[in-house]
Each structure stands twice: as structure tokens, then as C-alpha cells.
1. Quick check on my filter: what residues within the range 421-447 are of a type in the set (S, T, N, Q) and surrounded by fewer than 24 Cβ atoms within 10 Å (Cβ to Cβ)?
2. Check residue 71 against each of (1) assigned to a helix (DSSP H, G or I); (2) crowded, with 17+ Cβ neighbours inside 10 Å and name the one condition it does not meet.
3. Among residues belonging to the range 49-67 that are farther than 16 Å from residue 373 by Cβ and of a type in the set (A, V, I, L, M, F, W, C), point out the one that is surrounded by the fewest Cβ atoms within 10 Å (Cβ to Cβ).
4. Can you tell me which residue within the range 78-87, out of those that are surrounded by 24 or more Cβ atoms within 10 Å (Cβ to Cβ) and in a helix (DSSP H, G or I), is modelled with the lowest pLDDT?
5. Which is in a helix (DSSP H, G or I) and buried (at least 24 other Cβ atoms within 10 Å of the Cβ), of 371, 403, 336, 418?
6. Anything in the range 190-205 that is outside any strand (DSSP E or B) and either among the small types (Gly, Ala, Ser) or under 18 Å from residue 454 (Cα atoms) (or both)? List them, or say none.
7. Out of the range 101-117, which residues are surrounded by fewer than 24 Cβ atoms within 10 Å (Cβ to Cβ), at pLDDT below 90 and of a type in the set (A, V, I, L, M, F, W, C)?
8. Look at the range 161-189 and say how many of its residues are in a loop (DSSP other than H, G, I, E, B) and farther than 19 Å from residue 89 by Cβ.
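The values are calculated or read from the model by the stated rules, or taken from the named source; none is laboratory data. What you see is a predicted model, and the numbers here were worked out from it, not measured in a lab. Here the Cβ positions follow ideal geometry from the backbone for every residue, glycine too, while neighbour counts run over all protein chains shown.
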Amino acid sequence: MGIGTWFGQNILTKPEFFVGLLVFAGYLFLGKKVYEAVGGFIKATVGYMILNVGAGGLVTTFRPILAALKTKFELNAAVIDPYFGLQAVDEAIKNIIEQDPSKSNLAASVMMALLIGFVINIILVLFRKFTKVRTLFITGHIMQQQASTASWMIFFLFPQFQNITGVALIGIFAGIYWAVGSNLSVEPTQRLTENAGFAIGHQQMFAIWVADKLAPKIGNPKKKLDDLKLPKWLSMLHDDIIATGLIMIVFFGIIMWVLGPEFFTAKFGKCVIENGVQTCPVINPHGVAAGAFDPKKLSFGTYIVSTTLLFAVYLTILKTGVRMFVSELTVSFQGISNKILPGSLPAVDCAASYGFGSPSAVLFGFLIGTIAQFISIAGLLIFKSPVFIITGFVPVFFDNATIAVYADKRGGARAAFILSALSGVLQVLCGAVAVALFQLKGGWHGNIDQSTVWLAQGFVMKYLGIIGYILVIAAMLIIPQIQYAKSKNKEQYYEGTVDLEEN
């Protein structure tokens, strides 16, 4: 195994270790003792792992519930969720290899493109005086998802480049998107966090910038979600744990009740081993693999309450992890910024923003975005769309919650409502267009940037060919130049800070 492959598989796509090593190196560059750097590594790594436990718990617990609607009602639909998108891309690339075995090297295309993209991002930051890029995208698992989707976009739109040239095109596209998108999120995130020293490296970076610009124009920052006056009997909803628990009991409780207990009982019977081979008979094809619900031990109503309250549990865990790793990363990254990549900022998971702003915004954005998605899906049914969409948990939660956090900061409750709803609508309608354009079966990436920015770029490349690709790359590279040209304080731009008095 080559060093690059090892680094990609063991560090770059394991963000907890990547962040931990950045913290370790940063503290050493700051002149800290080795034991202090080791302590920072452990605390940052554990903090990110705690965040992953919270985020992973939300995804693994609630994504199957939404996806089960597809099975329950026998819908021929695409799920807008990056994990379903990954599966769809994997199947599509396997199909290419089956049709032409000489292209078997495409199986490793995603990892190669990821490494190329990461190097491109570093180069753009190193030459920031010319590129105006200040951010290093370090959210490895998101990079893997986006490199996967970008791989299919390029291979599908340019079948003549289903080779190493195509892998290079993918890496360049992804790396520039990571650099430019995260660079757009600098000022919005610094305003939100009061110059905490990080940007966002996720799936809604362009959307964050749009929310930051539109929110003051459509809302009132003095009327935030936390300022909403509720009747006395509802005042307890200002506590985000209580609000999350109660609302999720109602929201997911209804969905689970509609699905019925058979969807939550064991899929497999008792496994047996014969001749060294383990087999597990399928006893309930609709059930979940873990078989969390056992009707002999628990009533279905109790199981619903227990499961839905996990939303509040995992969200609290996620926020705890955010506080731990962000506090270490923002201090230690100053060492890297001073010694290796002067003036750079780390671009991290969008969940890092949830520790700032209104505690209510995360839940609010998720709910409004979900309702908007359901209404949009109903619209697809009513107007007999040839492509049908199923809500995926990752986009509907992480995109809309993040947008609401930023929108509430700059435009209050009204902006959070409008922009979260708009995001939900675009995720569904543009997601349906993306499924048709890229002809993926069963799933599409689904996040707001991929369903808007990447969709538009896909159309340009489809109809203009390689010239369209060049135009897309050039357009992205121009964005930081425009940001810099419009900045009032050029020195402050390179520092990546904002004037909080104007916030």
C-alpha cells in the first residue's frame, strides 16, 4: 500500500484523527511541550469522536425510519441522502467496469480523486496572495462523499474520460469546490461565532453564504427564535432538550406508528454456522437488521417514545463533542496558520456551528425544512413527476438546521423560517432534476449545494462539454477574487476576521 493510499484511508477519511494530528502539530508549532500537544491530540480526537457518536446516532436511528416509507408504500423513488447517493454511484461505477473490464482501475477513482483534491486545496491556500483562498477543508468523510458524487458526474458527462484523466478532472473539480466553498463561509461563520477561528467544510457552504446575505434583507435580527413569546404552558419549549424530545415524539412517533411494528422487528433469524460459513435466515424482509423492537419484551408505544427521545440524546452528545474539539482546534491551528499555511483557517463539520447562536435554531430548521420537503414531495405526486423523491435524513437535518442557525443570527426567526423552507423545497425539486440529469438509480447526494450549485454546473458541462468544465472551474476560481475585491478591509480579509461591531 502506497503512502498516499495509506494516508487517505487511515487519516484523511478519518476526520477525528486528522483533526487530532492537526491539533498535535499546531501545539508543537506554538512551542508547547510534547505532553501538552499529546493532550490536545487526545482531547480533540475524543471530542470529534463524541461529535461522530451524536451525528452517527442521529443518522443510523432516524434515516431508516424515513427510508422505510419507500418500502411501506412500494414507491419507485430516489432517496436524497449522501449515503444512498454513495450506493447509487458505487453501483453505477461497477456497471461501467462490468461492461468494460479494462476500466477496473476506476474502482479506486474516488480515493485518488480525493487525494488530488486535497492537494489542490493546499496549493490554493499556499498561494493565497493570488488565489485569495484562506481555508483548508478537513472534513474527510464529507470529502469522500463529494469525491464519489463528482466521480459519477465526470464519468457520466464525459465518458471519453473514464480513465486516469477523468480522475484528475474529478480531483481538480472537487478540490477547487472545497477551497472556494469553505472560503465563502469564513465571514458568515466568524460573525456567528464571534471570530472563533474556523470556517465550514461541509455540504451547504454556498447555502450558508446565501443565508448570510439574504437573512438581514428578509428578517429582523432583533426578533430571534429565542425571543419568541410563547404562552406560559409552552415556555418550557425554550429549553432545547425538552423541545426536541416533545416534538420528536410527535413527529417521528406518527411516522413510526404509520409504518407499524413489523418495520422495527428483527430482519434476520438466529444465525447458524455450517462448514465455517455463517448464514442468517431472513424472517422479516421489512424489518431492521438490528431488530431493536421485540414485541415479547416491549409494547410498541413504549418503543416509539424510547426511540424518538434518542434524537434529543444524540443532539446533546453532538453539541458536547463540538465544544471539545473546536476549543482545541481553534487555538492549535494558529500554529499551523503561522508556520505552514499563514493566514489559513480550518474548514470543519457544519455541526461545529450548533454550539453558537440560538439553541432552538437547530430543531427549528430541521422541522421547517422537513415540512417543506413533504409539501414538495406531495407536489411531485400531484403533478405526476416522472421522478419521485424520498426524504433523506442527512440533508433534511444538517442542511436546514445549519441554514437556520446562520439565518437566525442575521435575520431572526422570520429569516430562519423562510430560508429553511426554501432549502427544503429546493432539495426535493432540484434533487428530482439531478436524478434525471445524472441518471442515478435509487439515490442522489441530496444536500443543498449538490442539488443547486453542482446541478447547475452539471448542466453547463452536459451541454458545453469540456469547455463547460473549464468555464465551471474558472467561475469557481473567480469567486474568491470577487470576495477580496468587495472586502472593505484587505488585511482583515486575509486574517479571516470580521468587525463584530458591525455584526
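1. So the first thing to find is which residues in the range 421-447 are of a type in the set (S, T, N, Q), and the list is 423, 427, 439, 447.
Correct list: 439 only.
2. Looking at each condition in turn, residue 71 falls short on (2).
3. Within the range 49-67, the first condition is being farther than 16 Å from residue 373 by Cβ, and the residues that meet it are 49-61, 64.
Those left that are additionally of a type in the set (A, V, I, L, M, F, W, C): 49-51, 53, 55, 58-59.
On the way: 49: 20, 50: 20, 51: 28, 53: 15, 55: 23, 58: 23, 59: 19.
Among residues in the range 49-67 that are farther than 16 Å from residue 373 by Cβ and of a type in the set (A, V, I, L, M, F, W, C), the one surrounded by the fewest Cβ atoms within 10 Å (Cβ to Cβ) is 53.
4. First pass over the range 78-87, keeping only residues surrounded by 24 or more Cβ atoms within 10 Å (Cβ to Cβ): 78-82, 85.
Keeping just the survivors that are in a helix (DSSP H, G or I) gives 82, 85.
On the way: 82: 90, 85: 87.
Among those that are surrounded by 24 or more Cβ atoms within 10 Å (Cβ to Cβ) and in a helix (DSSP H, G or I), it is 85.
5. Values: 371 fails: buried (at least 24 other Cβ atoms within 10 Å of the Cβ); 336 fails: buried (at least 24 other Cβ atoms within 10 Å of the Cβ); 418 fails: buried (at least 24 other Cβ atoms within 10 Å of the Cβ).
One residue alone meets the criteria, 403.
6. In the first step, residues of the range 190-205 are kept if they are outside any strand (DSSP E or B); the result is 190-198, 201-205.
The answer is 196, 197, 201, 202, 203, 204, 205.
7. 106, 107, 108, 111, 112, 115
8. Step one: filter the range 161-189 for residues in a loop (DSSP other than H, G, I, E, B), giving 162-163, 185.
Next cut, farther than 19 Å from residue 89 by Cβ only: 185.
Adding up the residues that qualify gives 1.
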